[in-house]
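Everything on this sheet refers to the single structure shown next.
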Amino acid sequence: RRGRPNRSGEEETTLTQLLAEMDGVAGSEGIVWMGATNRPELLDPAVRRPGRFDRVVEVPMPSLRDRVEILGIHAAGKPIGEDVDLEELARVTVGYSGAELANLLNEAAILAVQEGSAVLDAGHLERARDKVTLGRKRTGVELSAAERQTIAVHEAGHAIVGLVRCPD
């Protein structure tokens, strides 16, 4: 979007040039412009005018089968232990994007290296999943029994909603 704070003149020039180039393309030239964003609200309104980027294609999160294939692609060439079942890993990563699945395997590889292991095993993947899902482990935090109970009930609610909404 033009006129936002902290933007360089180069970004403004690039956007202006892109819009000018798009205006010069006739519909019969066989050229298709494609763009992708996770933040459509930040797009300049001129970009979304008819004849420019005026079609929206929503890309859903990967299905179970998709996640198995994505994990297979990112696991290729990595030393995966015999105890690793990519299909089971795909089952427990409902709602993960392809990038998050790649990150999961990268985090597991980092854990394996830190432990001096030459193989990614199920334990590395489980700890990596916890790290990706829950964030870094915090030290020095002490919770009372009542706080633990409240958190457990809250997290169980997430699990129930996940099972109901995404049964695959």
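Helix content alone sets the calculated 222 nm mean residue ellipticity of the chain: runs of n ≥ 4 DSSP H residues at -39500 (n - 2.57) each, divided across all residues, give -16000 deg cm²/dmol. Just the protein heavy atoms count here, and of the accessible area of the range 98-138 at 1.4 Å, carbon and sulfur take up 50 percent. Quick check for you: with a 1.4 Å probe and neighbouring chains kept, what is the accessible area per residue of the chain, in Å²? Here the residues of the chain average 73 Å² of exposed surface. In percent, rounded to a whole number, the relative contact order of the range 11-123 is 24, using alpha-carbon pairs under 8 Å and six or more apart. Rounded to whole Å, the principal axis extents of the Cα atoms in the range 67-163 read 46, 32, 22, largest first. Hey, for a label at Ala159 modelled as a point 7 Å past Cα toward Cβ, could you say which residues of the range 85-112 have their backbone N under 20 Å away? Taking a point 7 Å out along Cα→Cβ of Ala159, the residues of the range 85-112 whose backbone N falls under 20 Å are 88-96.
For the range 97-109, the Karplus equation 6.51 cos²θ - 1.76 cosθ + 1.60, evaluated at θ = phi - 60°, returns couplings of 7, x, 5, 5, 5, 4, 4, 4, 5, 5, 5, 4, 5 Hz by residue, with Gly and Pro reported as x. The convex hull around the C-alpha trace of the chain, projected and averaged over every direction, spans 16.1 square nanometres.
The values are calculated or read from the model by the stated rules, or taken from the named source; none is laboratory data. Just so it is clear, the structure is predicted and the values come from calculations on it, not from any experiment. Note that each Cβ is placed from the backbone with ideal geometry, even for glycine, and that neighbours are counted across all protein chains shown. Quick note on the areas: whole protein, heavy atoms, side chains included, nothing else; ligands and nucleic acids left out. Shrake-Rupley method; radii C 1.70, N 1.55, O 1.52, S 1.80 Å.
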